[in-house]
């Protein structure tokens, strides 16, 4: 399991991932002893010559004394640590510093959105570092998603199961789901995309409708469930709604209404599944105007009826080929 992302000048750790790996998703905002011990191990054993950047986004509490061992090691070992997106944990960090590190040659610096515990000034965290982290995470996710494409034997063009396109292969979300590393990293970054879009577009505030995540296939359900836990939004799952569903059979949505659905899917090609899901929503006085997927073949402006947000543009895969008619 890859616990961190390595850069030339530092290593990056997402605290949410450490909590998930150690304690599951039941209380992912809470740093407990097992997760803190793993963080302490990373501090001591992994690429020690580089500063450690710990991204605390979404973690809002530390169980008392859970990370005492980490700060005790800071007193013994000399490694610069930067806690970014750490406003919620600032008091916990400063308290641990005062207890374990204050008289050991370290300096505690508090800035707008991060704080640091350092013993020298060889490395400074700034906005350019954050930009490089975002770019590398995006590239990491893109590689995993595009690698889930499976070519057909001999490059044969076959019709896609979900869309009347012919292709020389198909994407399979199961490859991403069964591998723990890809599933956790993708789920966290997918949740970041959704949260950032909700905040930027003020989804829910403009419509006045409560947000509910909606998953309509077994392929996307694991990602939707993870996002539900990470963002703390309610989730509704409908089995096999997909592009081949009988449009008159909408009993599975009959008990729901007056909600703002966010479609959560794996891959989108012509948007057929999203359109059908949108119609189901309208039949029940609900609204679906935003869809989020791991990968999409087309840009957002190809779909006038809803806003589509994808982690990856599938056209970046140079191996995959698509045709409307089989030649």
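Please tell me if residue 128 is touching a strand residue (DSSP E or B) at 6+ places or on another chain (Cβ under 6 Å) and over 21 Å from residue 16 (Cβ atoms).
Answer is no for this residue.
Results for (1) free of Cβ contacts under 8 Å to residues at least 12 places away in the same chain; (2) closer than 18 Å to residue 20 by Cα, shown as yes or no for each residue.
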site: 164; (1), (2): no, no
site: 181; (1), (2): no, yes
site: 188; (1), (2): no, yes
site: 191; (1), (2): no, yes
site: 202; (1), (2): yes, no
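Given the residues 117, 54, 133, which is the only one that is under 17 Å from residue 17 (Cα atoms) and touching a helix residue (DSSP H, G or I) at 6+ places or on another chain (Cβ under 7 Å)?
Matching residue, one of 117, 54, 133: 54.
So is residue 236 crowded, with 18+ Cβ neighbours inside 10 Å, out of contact with any helix residue (DSSP H, G or I) (no Cβ under 9 Å at 6 or more places or on another chain) and either assigned by TED's automatic domain parsing to the domain that holds residue 170 or modelled with pLDDT of 80 or more (or both) or not?
no
Could you tell me which numbered condition residue 64 fails, if it satisfies all but one of (1) within 30 Å of residue 266 (Cβ to Cβ); (2) out of contact with any helix residue (DSSP H, G or I) (no Cβ under 7 Å at 6 or more places or on another chain)?
Every condition holds for residue 64 apart from (1).
In segment 1-41, which residues are more than 20 Å from residue 61 (Cβ to Cβ) and in contact with a strand residue (DSSP E or B) (Cβ under 7 Å, 6 or more places away or on another chain)?
Once the filter is applied, which keeps residues that are more than 20 Å from residue 61 (Cβ to Cβ) and in contact with a strand residue (DSSP E or B) (Cβ under 7 Å, 6 or more places away or on another chain), segment 1-41 yields 3, 4, 5, 10, 11, 12.
Scanning segment 271-292 for residues that are touching a helix residue (DSSP H, G or I) at 6+ places or on another chain (Cβ under 8 Å) and more than 18 Å from residue 203 (Cα to Cα), which turns out modelled with the highest pLDDT?
271
Quick check on my filter: what residues within segment 146-174 are part of a helix (DSSP H, G or I), surrounded by fewer than 16 Cβ atoms within 10 Å (Cβ to Cβ) and under 26 Å from the mean Cα position of the chain (by Cα)?
Looking only at segment 146-174, we keep the residues that are part of a helix (DSSP H, G or I), and these are 146, 153-155, 173-174.
Those still in the list that are surrounded by fewer than 16 Cβ atoms within 10 Å (Cβ to Cβ) too: 153-155, 174.
Matches in segment 146-174: 174 only.
Can you tell me which residues in segment 270-290 are buried (at least 21 other Cβ atoms within 10 Å of the Cβ) and part of a loop (DSSP other than H, G, I, E, B)?
The one that is buried (at least 21 other Cβ atoms within 10 Å of the Cβ) and part of a loop (DSSP other than H, G, I, E, B): 271.
So, residue 66, is that one at pLDDT 95 or above, surrounded by 16 or more Cβ atoms within 10 Å (Cβ to Cβ), outside any helix (DSSP H, G or I) and assigned by TED's automatic domain parsing to the domain that holds residue 120 or not?
yes
Do we have residue 117 as assigned by TED's automatic domain parsing to the domain that holds residue 35, more than 21 Å from the chain's Cα centre (by Cα), farther than 30 Å from residue 232 by Cα and surrounded by 15 or more Cβ atoms within 10 Å (Cβ to Cβ) here?
yes
The values are calculated or read from the model by the stated rules, or taken from the named source; none is laboratory data. All of these numbers come straight from a predicted model, not from anything done at the bench. No Cβ is skipped: glycine too gets one built from the backbone with ideal geometry, and neighbour counts run over all protein chains shown.
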